[in-house]
1. Output wanted: per-residue J couplings in Hz (rounded whole) for the range 350-357, from phi through Karplus 6.51 cos²θ - 1.76 cosθ + 1.60, θ = phi - 60°, x for Gly and Pro.
2. In debye to the nearest 20, how big a dipole does the range 268-514 give about its Cα centre with +1 on each Lys and Arg Cβ and -1 on each Asp and Glu Cβ?
3. Any idea what the dipole of the chain comes to, in debye rounded to 20, about its Cα centre with Lys/Arg Cβ at +1 and Asp/Glu Cβ at -1?
4. Pairs to check: K200/K253; K48/K200; K132/K200; K108/K132; K260/K405; K132/K204. Give those whose C-alpha atoms are more than 27 Å from each other in this structure.
5. Efficiency by 1/(1 + (r/R0)^6): what FRET value for S79 and D20, r their Cβ-Cβ distance, R0 = 25 Å, to the nearest 0.05?
6. With r as the distance between the Cβ atoms of A339 and K405 and R0 = 45 Å, compute the FRET efficiency 1/(1 + (r/R0)^6) and round to 0.05.
7. Which Rg and Dmax, in Å, describe the Cα atoms of the chain?
8. Under a cut-off of 24 Å between alpha-carbon atoms, report the lysines in cross-link reach of K589, not counting same-chain residues fewer than 8 places apart.
Amino acid sequence: MNGLVRVAGLRVVARADSGDESAIVKEVSFSIPKGEVLALIGESGSGKTTIALALMGYARSGCRIAAGSVHIGDTDVMSLDSRQLSDLRGCRVAYIAQSAAASFNPAKPLMDQVIEGALIHGLMTRAAAEEKAVDIFRSLALPDPEHIGRRYLHQVSGGQLQRLMAAMALITDPVLVILDEPTTALDVTTQIEVLRAFKKVVRKRGMTAVYVSHDLAVVAQMADRIVVLNRGEVRETGSTTQILTAPSDPYTKALMAAAKPVERLASEVNIERRAAAPPLLAIDGLLAGYGRRDEHGLPRSLVLNDIGLTIQRGATLGVIGESGSGKSTLARVIAGLLAPAGGTVLFDGAPLAPRLEQRTREQLQRIQIVFQNADTALNPAHTVVRILGRPLEFYHGLRGVARAKRIAQLLDRVRLPADIAERRCADLSGGQKQRINLARALAAEPDLILCDEVTSALDTVVAAAILDLMAELRRELNLSYLFISHDISTVRAICDEVIVLYAGCKVESASRHALSAVPLHPYTDLLIASVPEMRQGWLEQVGPSASLPPVGANAHGPGLCSFLQRCPVRIDGVCNVTAPSHVVTRSGKEILCHHSDEQLRHLRDPLRVVGHQPAAENAK
């Protein structure tokens, strides 16, 4: 087997509480030539991250590398002692994790942490390391590369932090870089910037890399070859072109099929019946934010501004927008985790108490929330039985045999085996945790479930199963959903109505059918153009790389368009002077913009260029 990286017969086992061991990676072999990017793809629990960690001679708690060999160049990784492995990790082999925020110390300047590896391994002086870091910052298209290292964790965006983590990995000029789902937690526009930066630096430096992901569209932009994994076994290996266009293994074909959006809607009869009934949730003029209130009762940081929406019983409303647009704040207000600063919130025709502690047990039971990050939403030390049992006891008084039977039913609902009930959440995969997260909400038997990016961290097969499950529950139980996402394809597949938020303002609202039709608000068009396509070369075709201003960067004046500084078709002398009004298009959608229906339709083509910079002047 030739290649810079050579893996042969790798076997990793996990130890159960009983002491028995079972293989979670089974006789895996592959090689990576110098300068190639190899992607490991597969469902949660397929062994992707376990294999990636084994390249550094590392196995997670409760696991061990039982057999096989890993060679990086002339180094036999399995023969190294603990001191030699420490010298290898972070120096010759670097790891870029999914959560950059968890990898940085909030009390230390970012530069200190970026250059730490180079100093620990004695590769260069501090001055040389800082100079090299600035050069890497520039290569990664970070803003203000000479000074960004002086900032702290809370002073940079998620996309910037992810690139800073890449700089931390690259500072030692590693032989191999492992990228483990590095863009999963990013919104679509930020993801493009980060992917461009990663791809540029990988190609420029001729790096050898392993890219771990469940997102086939992202893999299509980054990888030269793909290894498809299922339950710890290699199902197929081939070039990216071959895997994407002519997969041979049935499992690979299933992965490809799951990546394509499928409509999961109620029947038209149900839609008509819902439209005639009073809404389950009605919000009007909502204001919300964080910080101390001013003399007008408004929070210092206003996140949501004049939001209105309705959700019919049995319907799904989608809410899309980038990080910082106010999506999660909206869910927190509805859930009672944040009191609104103004406006009305009616649930089933009655005012909803603003705070969680003011709500009745019935109101708590009827509105449930499923958070994006199951790792923080679930106590890792608690068993599944304990987590699912608590809402069953609190809302329905179930105990003993009745509770155990209902837990088994809930696990079956979310496609998990019954024997998982006694396991701790810390021992579960990411996809399993998210399904437990959903099962906990279902245990209350609610009328409305607030889904906050519930599929963003899941692989395509599991995400498709979750969406199918949600559609099934909606049909059977007449459930309603508020579905928050930055994935516009998923939203269009599962939602009846969609609202688009930008910097706390509702810039567009439409039925799912109307959202597919032109014209679109310039921001909505930017979001759609930013969704990666499952084909090679897409990243190079979506427009020149350009760093967009942060969400909410707007003109310095109240009431003006929040998208002003990012809009490629703004009208100077109008947009920066007068507040926009709502435009109702022929397709029935409502758009907050100065442009008319016909003007937006005419201007659509230039909007498709991601990263297009605002024009200094546009035709009036």
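Each reported figure results from applying straightforward, stated rules to the coordinates on display, with no laboratory input. Please read all numbers here as calculations on a predicted model, not as lab measurements. FYI the Cβ positions are ideal-geometry reconstructions off the backbone, even for glycines, and counts take in every protein chain you see.
1. Ordered by residue, 3J(HN,Hα) equals 10, x, 8, 4, x, 10, 4, 5 Hz.
2. Values: 30 positive and 28 negative charges, 160 e Å.
In total the dipole reaches around 760 debye.
3. Charge dipole, the chain, about its Cα centre: 600 debye, nearest 20.
4. Over 27 Å Cα-Cα: K200/K253; K260/K405.
5. In this case the efficiency is close to 0.35.
6. Values: r = 38 Å, r/R0 = 0.85.
Computed FRET efficiency for K405 and A339: 0.70.
7. 25.1, 74
8. Within reach: K327, K506, K620.
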